[in-house]
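Right, one structure below, let's go through it.
The values are calculated or read from the model by the stated rules, or taken from the named source; none is laboratory data. Keep in mind it's a predicted model, so treat the numbers as computed, not measured. Backbone-built Cβ (ideal geometry, glycine too); neighbour counts: all protein chains shown. Surface areas here come from the heavy atoms of the whole protein model, side chains and all, with no ligands, DNA or RNA. Shrake-Rupley method; radii C 1.70, N 1.55, O 1.52, S 1.80 Å.
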Amino acid sequence: MARIAYDDSSAAAFTATRHLDADGLASWRAAVARHLPTTAGARLLDLGAGTGTWAAAFRDWYGVDVVAVEPSAAMRARSVYPGMVAGAAEALPLAAASVDSTWISTVIHHLPDLPAVAAELRRVLRPGAPVLVRSVFAGRGGGITLFRWFPEALRVVESYPSVAEVCAAFEEVGFAPAALESVPQISARSLREAADGLRRSAHTPLLLLDDADYARGLRRMRAAAERTPDAPVVDSMDLLVLR
Ligand SMILES: C[S@@+](CC[C@H](N)C(=O)[O-])C[C@H]1O[C@@H](n2cnc3c(N)ncnc32)[C@H](O)[C@@H]1O
């Protein structure tokens, strides 16, 4: 069970505020290309594909065949990628040894049974195929700008899986860590735009704060946006690769 319900309201907030534009996606395009098999006909699983922005980008960037699996009907209904498949990480609706890579973006903290997920990915991936995990991991949340104003949200991140925990679950079924890099992304063109557009329900760590901490953080963020309205918002997230 995910930490938050991806119902109509959070799916709408996610669609409105969490889609990166071309500038935001650019650094990921280069980082992912270093690890992804992109030979003709290669099949990529986008696991927990949400509203399909990564699936569409990968299809366009690399020409790979993307199968996008997503459990939430509300997220699938808003997808920009056609043909999303209903399904969850613990029981993938895919044949054994049928995919060449897997992309898991900001999903790993919603998967309470990582060993079961790792075993399922071992089943559907061909031998040697990489798993690319884009996430904020416990102990590594310092690159997220929002936490400057919502420092209590870092405590929520401390309850996310750590890199070591993810690696341990995957090592059990034969994967080994291959790379860990911090990737900067432009999350918003300006702090003013980020503050005006902030939707609490689009961010798991903000949803799990208590209301007083959220209100204080919002005041801090708005004050910062008054001081430096034009500053771009640049966040760094991790890319963990296992194969
Ligand atoms: C923060 S969203 C990320 C969506 C997308 N990957 C992205 O980066 O834009 C988290 C997604 O994980 C999905 N999710 C939650 N539990 C899941 C599970 N057990 N298996 C697969 N996906 C799951 C949610 O439905 C939601 O769409």
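Could you state the angle between the C-alpha long axis of helix 53-62 and the longest principal axis of the C-alpha atoms of the chain, as a value from 0 to 90 degrees rounded to the nearest 10? Once rounded, the angle reads 60 degrees. From the residues L45, P71, P184, which one has its Cα farthest along the dipole of the chain in the positive direction, the dipole being from +1 and -1 charges on Cβ of Lys/Arg and Asp/Glu about the Cα centre? Positive-most Cα among the choices belongs to P184. Remark: spin-label model distance A119-R3 equals 2.5 nm, labels positioned 7 Å along the Cα→Cβ axis. In the chain, helices alone account for a calculated mean residue ellipticity at 222 nm of -10500 deg cm²/dmol, with every DSSP H run of four or more residues adding -39,500 (n - 2.57). Taking amide H as placed 1.01 Å from N in the peptide plane, the amide H of A179 sits under 5 Å from that of V241, each at least 5 places away or on another chain. In the assembled protein chains, H110 presents an accessible area of approximately 20 Å² (probe radius 1.4 Å). For region 79-167, the spherically averaged projection of the C-alpha convex hull amounts to 7.1 nm². Under a Gaussian network description of the chain, with springs only between Cα atoms under 10 Å, the residue in A55, A30, A202 that fluctuates furthest is A30.
I'd like the trypsin sites (Lys or Arg not before Pro) in region 30-59 restricted to DSSP loop residues with at most 11 other Cβ atoms within 10 Å, sorted by number. Mind dumping the intermediate values first?
On the way: sites: R34, R43, R59; in loops: R34.
Sites meeting the loop and neighbour criteria: R34.
Computed from the Cβ-Cβ distance with R0 of 22 Å, the FRET efficiency linking A212 to R148 stands at 0.75. Among the trypsin sites (Lys or Arg not before Pro) found in region 158-213, those both in a DSSP coil and sparsely packed, with 15 or fewer other Cβ atoms within 10 Å of their Cβ, are R189. Helix 8-17 axis versus longest C-alpha principal axis of the chain: approximately 80°, rounded to the nearest ten. When only alpha carbons of region 103-243 are considered, Rg and Dmax amount to 17.0, 52 Å. Backbone amide hydrogens, once placed in the peptide plane, bring T106 within less than 5 Å of R134, S135, excluding anything fewer than 5 places away on its chain.
Suppose we keep just the DSSP beta bridges with both residues in region 43-162; what percent of those would be antiparallel, to 5?
On the way: 1 of 16 bridges.
Just about 5 percent of them are antiparallel.
Summing Cβ point charges (Lys, Arg +1; Asp, Glu -1) relative to the Cα centre of region 1-126 gives a dipole of roughly 260 debye. Rounded to the nearest 20 debye, the dipole magnitude of region 137-243 is 480 debye, with +1 charges on Lys and Arg beta carbons, -1 on Asp and Glu beta carbons, and the Cα centre as origin. Put the Cα centre of region 72-130 next to the Cα centre of region 174-243 and the gap is 24 Å.
Using only Cα atoms, tell me the angle between helix 22-33 and the longest principal axis of the chain; keep it within 0 to 90° and round to the nearest 10. Compared with the principal axis, the helix lies near 30 degrees. Ordering A225, P151, H19 by Cα displacement along the dipole of the chain toward the positive end leaves A225 in first place; charges were set at the Cβ atoms of Lys, Arg (+1) and Asp, Glu (-1). With kT/(6 pi eta Rh) evaluated at 4 °C and eta = 1.567 mPa s, and Rh the Kirkwood radius from Cα pairs, region 28-106 diffuses with a coefficient of 103 µm²/s according to Stokes-Einstein. 3J(HN,Hα) along region 205-214, derived from phi through the Karplus expression 6.51 cos²θ - 1.76 cosθ + 1.60 where θ = phi - 60°, amounts to x, 7, 5, 8, 6, 7, 4, 5, 4, 5 Hz, with x in place of Gly and Pro. For the chain, the solvent-accessible area of protein heavy atoms averages 43 Å² per residue (probe radius 1.4 Å; ligands and nucleic acids excluded).
Carbon and sulfur atoms: what percent of the 1.4 Å accessible area of the chain do they account for? Spell out each step's value before the answer.
Values: 5610 of 10360 Å².
Whole-percent figure for carbon plus sulfur exposure: 54.
Just so you know, the averaged projected area of the alpha carbon convex hull for the chain sits at 11.8 nm². 3J(HN,Hα) along region 232-239: x, 9, 10, 10, 10, 10, 8, 10 Hz, from the Karplus curve 6.51 cos²θ - 1.76 cosθ + 1.60 with θ = phi - 60°, whole Hz, x for Gly and Pro.
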